[in-house]
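*Asks:* This is the structure I want to talk about, given as structure tokens.
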Amino acid sequence: MIYITTGTTFYSFISLEKVANYLSQYCNIFYQSNSKTNILNKNIMLASELSFDKHVETIKEADFVITHAGPGNIYLCEKFAKAYTVIPRRSHLNEHIDNHQVYFYLSLKQNPKIKYNHYSEQLKKIIMR
């Protein structure tokens, strides 16, 4: 299962919805979002708010995590050694009020200890099961 988490903001995240809809052709998705979504696919389980404990449990159970550029989610993925990738919200797509997530994402790419960008092959394996 791929866990996609968009955080707690009410802004829509259309670019991540497109990723979820595409990936759902190949595997089961658990999609957490506090905003209204256009996801209607049967392979996508939707949840709005999760308790912190349920959120942590879902990260632990996931084969792969796709997250917005939230430091808390990135920390949890690193802590539990989960394969993950980061997709930042972008203001020009009305996904947030500014590009702070883009700037944080770019700073992550400078840190060799952060492993999020090394898992594209693992994601392909999960999708192709």
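*Asks:* Residue by residue through the range 24-55, note down the ones that are under 21 Å from R89 (Cα atoms) and of a type in the set (A, V, I, L, M).
*Replies:* Listed by number, the residues that qualify are I29, I39, I44, L46, A47, L50.
*Asks:* Mind checking which residues of the range 1-23 are more than 19 Å from H92 (Cα to Cα) and β-branched (V, I, T)?
*Replies:* Result: I2, I4, T5, T8.
Yes/no per residue for (1) out of contact with any His (no Cβ under 8 Å at 6 or more places or on another chain); (2) exposed (fewer than 15 other Cβ atoms within 10 Å of the Cβ); (3) in contact (Cβ under 8 Å) with a residue 60 or more places away in the chain:
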| residue | (1), (2), (3) |
| --- | --- |
| I44 | yes, no, no |
| S48 | yes, yes, no |
| S51 | yes, yes, no |
| H55 | yes, no, no |
| G70 | yes, no, yes |
| N73 | yes, no, yes |
| A81 | yes, yes, no |
| I87 | no, no, yes |
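*Asks:* Let me ask something else about it. Mind checking which residues of the range 103-123 are in contact with a helix residue (DSSP H, G or I) (Cβ under 8 Å, 6 or more places away or on another chain) and either small (G, A, S) or at pLDDT 75 or above (or both)?
*Replies:* F104, L108
*Asks:* So, one more: Which residues, taken from the range 25-36, are surrounded by fewer than 19 Cβ atoms within 10 Å (Cβ to Cβ) and either in contact with a helix residue (DSSP H, G or I) (Cβ under 6 Å, 6 or more places away or on another chain) or over 25 Å from H100 (Cα atoms) (or both)?
*Replies:* Q25, Y26, C27, N28
*Asks:* Right, something else. For the list (1) modelled with pLDDT of 85 or more; (2) touching a helix residue (DSSP H, G or I) at 6+ places or on another chain (Cβ under 7 Å); (3) not small (G, A, S), I need the number of the one condition that H55 fails.
*Replies:* Result: H55 fails condition (2) only.
*Asks:* A further question on this structure: Which one of these is under 17 Å from N21 (Cα atoms) and of a type in the set (A, V, I, L, M): I87, I74, I59?
*Replies:* Just one listed residue meets the conditions, I87.
The values are calculated or read from the model by the stated rules, or taken from the named source; none is laboratory data. Bear in mind that the values here come from a model prediction, so they are computed numbers and not experimental data. Here Cβ is always computed from backbone atoms with ideal geometry, including for glycine, and neighbour counts include all displayed protein chains.
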